Amino acid sequence: LHVDRQVSGCSDHDGEDVYNLDGEELWFADFIKKEGVEPQPPFIDHITFQDEAYQQAEVNQQTCKTNLDNARRAMKDFKIED
């Protein structure tokens with residue numbers, strides 16, 4: 001069996017969108033260069049992602065930042081118990 005994961009996360013200043021298979025990076029979004037990167041070694045059968053993968057990563061980041069803002073607004077009056 002194989003384990004595949006997609007991780008998408010964000011902060012105010014940074015973001016991450018990556019696909020892994022068995023702990024190895026298959027694809028990640030480079031938000032500085034505005035492109036998807038497939039950092040697979042040349043000795044394996046290359047797995048290619050669709051051209052729309054980077055655009056989806058940008059959508060994921062926008063959704064993440066909206067959710068982060070909503071969570072902050074919801075928690076701003078939440079009292080922390082000591």
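The values are calculated or read from the model by the stated rules, or taken from the named source; none is laboratory data. Computed from a prediction, not measured in an experiment: that's the story for all the values here. So basically every Cβ, Gly included, is an ideal-geometry build from the backbone, and we count neighbours across all protein chains shown. Side chains are part of the model used for accessible areas, which takes the heavy atoms of the whole protein and leaves out ligands, DNA and RNA. Shrake-Rupley method; radii C 1.70, N 1.55, O 1.52, S 1.80 Å.
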Region 58-82 residues that are farther than 18 Å from LYS34 by Cα, paired with ones that are open to solvent by less than 70 Å² (accessible area, probe 1.4 Å) (beta carbon under 9 Å, 6 or more apart): ASN67/CYS10; LEU68/CYS10; LEU68/SER11
Within region 4-46, tally of residues that are farther than 26 Å from ARG72 by Cα and either open to solvent by less than 70 Å² (accessible area, probe 1.4 Å) or of a type in the set (Ser, Thr, Tyr) (or both): 15
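Matching residues to (1) of a type outside the set (Ser, Thr, Tyr); (2) touching a strand residue (DSSP E or B) at 6+ places or on another chain (Cβ under 8 Å):
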| site | (1), (2) |
| --- | --- |
| GLY9 | yes, yes |
| GLU16 | yes, yes |
| ILE32 | yes, no |
| TYR54 | no, yes |
| ALA57 | yes, yes |
| THR63 | no, no |
